[in-house]
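A.B. asks: I have a structure here, written as structure tokens, and I will follow up with some questions on it.
The values are calculated or read from the model by the stated rules, or taken from the named source; none is laboratory data. Since this is a predicted model, take the numbers as computed values, not measurements. Cβ sites come from the backbone with ideal geometry, for glycine too, and all protein chains shown count toward neighbours.
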Amino acid sequence: MYRQILVDRSDCNYQRILWKDKEGATRNARLLTVTYGMKPSGYLAIRCLRQLAIDDGEQYPVGARAVLSDFYVDDEMSGAMSTEEALELYRQVTALLAGGGLELRKWASNSEDVLKEIPSALRETQVPLEMDPNNSVKSLLAPIIVRAKIFMQSLWQLKVGWDEAIPTGQVELWNSFREALPKIQEITIPRCTIATNATKFYLRGFCDASESAYAACIYLVSEFERGKVEVRLVAAKTRVAPLKTVSLPRLELCSAVLLVRVMKIVQDCLSHLQIQDVKAWTDSTVARDWIRGNPNRWKTFVANRVSEIRDVIPPVNWHHISGNENPADPASRGVAPGDLRENKLWWNGPPWLSHPAAFVEDSSKDLSEEAFMEERNVVSVNVNCTFRSIIDNFANISQLRHRTATWLRFIANLRGPKRFDPLDAVELDQAEYVW
């Protein structure tokens, strides 16, 4: 791609090289195109791609959207809901980039019908690992994979070298795990996660931690016109607990951080959907209390993580769930390959996930005793302040809450992406917390 993009002639003097011809004579030459190894090269190439999408976006709307959101440098990773849509995406992206003298090659697809319409000279000869159906759902097998991660960490703790034999007990443990792996082939996973006729979409996240590992899983809830609800597990992630001893509440907080990081990725991938709201659950009342509390109230470890969590999922959208209803629990402890297939909690989430009205939130607002252990010691000066003059300007609490939410929206617009849509329930709840 670099060699197809010309550099402004006035800047070519910064790309001078010495060139020795066949006769051995040295010439002073200028490179006229974007050059490998130059600091601005990556930016220039990507900026040209984006400019093509901006200039021809009206003529090729599907292709422009893919160029703006589905490209990593010069590699495209897109998808479609049907063969027809995939072919239209191929045609528009190809035509749009052709306007800039760029030709996409090495096309790959898991649909034979799509590949038939693409010239063989432009196809990938070997299917990339990412297109392998058996590999693309790897993260959904997190409860199995985490057992291997925990096993590897145990070898590090034993300080076993790469060329050393491992202890007999560990050999037996590994052989037992390996012999059970073929049962993974018995697991069937629905490939379609986004229903085309759904009217509303919601993202629901769960996190959990054990002494060995912590995990997060995310479900896409699709709602249909007649009240039918469909739940799909779309992403999961696990990490082993650090070797340095960390309290279980802190590990639970780390699992919440892991959840919001994965949630950001999922939101980016599903940016073409209108997600109604995002909610999260943890079975740790301590972690929930930390998240709902002001970050400045807590010690550094907790404060930093709470700040990151609140930037993605508002504190009012964090809820408590019992341990036996938490679908992230299997991924934090590990599950045998033979048991995961029938684990409905993992694949479908808690039963009330498809019936939101059945969920009952713990109404207690009192902080747990363990939460206070991370409270920062501060020296306070008592100053009597009153907001009576402000409150008296409003006829009722609804007006006060709405005006406060408007002020908070204004502040948020100054700090980040601007929103001009009507205030939603989350913003109104946050406004109520202010008072």
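A.B. asks: Only one of LEU6, LEU32, LEU52 is of a type in the set (A, V, I, L, M, F, W, C), crowded, with 17+ Cβ neighbours inside 10 Å and on the phi < 0 side of the Ramachandran plot; which?
C.D. replies: Of the residues listed, the single one that is of a type in the set (A, V, I, L, M, F, W, C), crowded, with 17+ Cβ neighbours inside 10 Å and on the phi < 0 side of the Ramachandran plot is LEU52.
A.B. asks: Separate question: Test of understanding: among THR285, THR300, which residue is surrounded by fewer than 17 Cβ atoms within 10 Å (Cβ to Cβ) and more than 30 Å from ILE194 (Cβ to Cβ)?
C.D. replies: Just one listed residue meets the conditions, THR300.
A.B. asks: Given the conditions (1) farther than 21 Å from SER271 by Cα; (2) not in a loop (DSSP other than H, G, I, E, B), report the number of the one that ILE46 does not fulfil.
C.D. replies: Failed condition: (1).
A.B. asks: Collect the residues in the stretch 281-293 that are out of contact with any His (no Cβ under 7 Å at 6 or more places or on another chain) and either in a helix (DSSP H, G or I) or modelled with pLDDT of 95 or more (or both), keeping them in residue-number order.
C.D. replies: VAL286, ALA287, ASP289, TRP290, ILE291, ARG292
A.B. asks: Inspect the stretch 145-165 for any residue being in contact with a Leu (Cβ under 9 Å, 6 or more places away or on another chain), loosely packed, with under 15 Cβ neighbours inside 10 Å and outside any helix (DSSP H, G or I) and give the result as yes or no.
C.D. replies: no
A.B. asks: Given the options GLY323, GLY338, name the one that is touching a residue at least 40 places away in the same chain (Cβ under 8 Å) and touching a Lys or Arg at 6+ places or on another chain (Cβ under 7 Å).
C.D. replies: Result: GLY338 is the single residue among GLY323, GLY338 that is touching a residue at least 40 places away in the same chain (Cβ under 8 Å) and touching a Lys or Arg at 6+ places or on another chain (Cβ under 7 Å).
A.B. asks: What pairs come up if the first residue lies in the stretch 289-306 and is farther than 14 Å from SER255 by Cβ, the second is of a type in the set (A, V, I, L, M) and part of a helix (DSSP H, G or I), and their beta carbons are under 6 Å apart, counting only those six or more places apart or on different chains?
C.D. replies: Final answer for the pair search is ASP289/ALA371; PRO295/ALA303; PRO295/VAL306.
A.B. asks: In the stretch 9-25, how many residues are on the phi < 0 side of the Ramachandran plot and of a type in the set (Gly, Ala, Ser)?
C.D. replies: Matching residues across the stretch 9-25 total 2.
A.B. asks: Can you name the residue in the stretch 88-124 that is small (Gly, Ala, Ser) and within 20 Å of MET1 (Cα to Cα) and is also surrounded by the fewest Cβ atoms within 10 Å (Cβ to Cβ) among such residues?
C.D. replies: Filtering first and then ranking leaves ALA121.
A.B. asks: Hey, another quick one. Would you confirm whether any residue within the stretch 166-186 is loosely packed, with under 14 Cβ neighbours inside 10 Å, hydrophobic (A, V, I, L, M, F, W, C) and in contact with a helix residue (DSSP H, G or I) (Cβ under 8 Å, 6 or more places away or on another chain)?
C.D. replies: yes
A.B. asks: Among the helices (runs of 4 or more DSSP H) contained in the stretch 294-346, which hold 1 or more residues that are under 10 Å from PRO143 (Cβ atoms)?
C.D. replies: 329-333, 337-340
A.B. asks: Give the stretch 276-300 a look and list any residue that's among the basic types (Lys, Arg), closer than 16 Å to ASN317 by Cβ and touching a helix residue (DSSP H, G or I) at 6+ places or on another chain (Cβ under 8 Å), or say none.
C.D. replies: LYS279, ARG292
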